[in-house]
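Engineer: Shown below is the structure under consideration.
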Amino acid sequence: MAEENPKSPHILNASSNLLGLCFVVLTSLKLLRVSQRTLIDEFTSGATLLFMASCILSFLSIRGSLKRSQHLENVADIIFLCGLGLLFLTALLFSLNVIS
């Protein structure tokens, strides 16, 4: 029997890893006391929320019924891509010195 929701474990794994990265960035900014002078923490906080939502939805997709799982998996996939895009945009703006 084929796996019922093949993308969900991958979304959960990638989202949780990037969620951890966001927590490291936020903690580093707070410890270095640069969070008041930059927008990086706001962008990273947004990405954290998106990755957390993606983790929760992909987990529920794995645990849920087949009919509901596909919908949750698709929503988790879209939210994951939004979080990835936001993280990419943050890195791009930081590297181009648009935000410091």
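What follows is calculated from the coordinates using simple rules that are stated; it is not laboratory data. Keep in mind that this is a model prediction, so the values were computed, not measured. Quick reminder, even Gly has a Cβ in these numbers, built from the backbone with ideal geometry, and neighbours come from all protein chains shown.
Engineer: Angle check, please: helix 66-95 long axis (alpha carbons) against the longest principal axis of the chain (alpha carbons), in degrees 0 to 90, nearest 10.
Structural biologist: 20 degrees
Engineer: Quick check for you: which residues of the stretch 40-82 have the amide N under 19 Å from the point 7 Å beyond the Cα of His10 toward its beta carbon?
Structural biologist: Taking a point 7 Å out along Cα→Cβ of His10, the residues of the stretch 40-82 whose backbone N falls under 19 Å are 51, 54-63, 69-82.
Engineer: On a 0 to 90° scale, report how tilted helix 40-63 is relative to the longest principal axis of the chain, with both axes built from alpha carbons and the result rounded to the nearest 10.
Structural biologist: The angle comes out at about 10 degrees.
Engineer: For the chain, take the longest principal axis of its alpha carbons; what is the angle in degrees between that and the long axis of helix 8-31, to the nearest 10 within 0 to 90?
Structural biologist: Orientation of helix 8-31: about 20 degrees from the principal axis.
Engineer: Tell me which trypsin sites (Lys or Arg not before Pro) from the stretch 3-100 have a DSSP coil assignment and no more than 10 other beta carbons within 10 Å of their own.
Structural biologist: Sparse-neighbourhood loop trypsin sites (Lys or Arg not before Pro): Arg33, Arg37.
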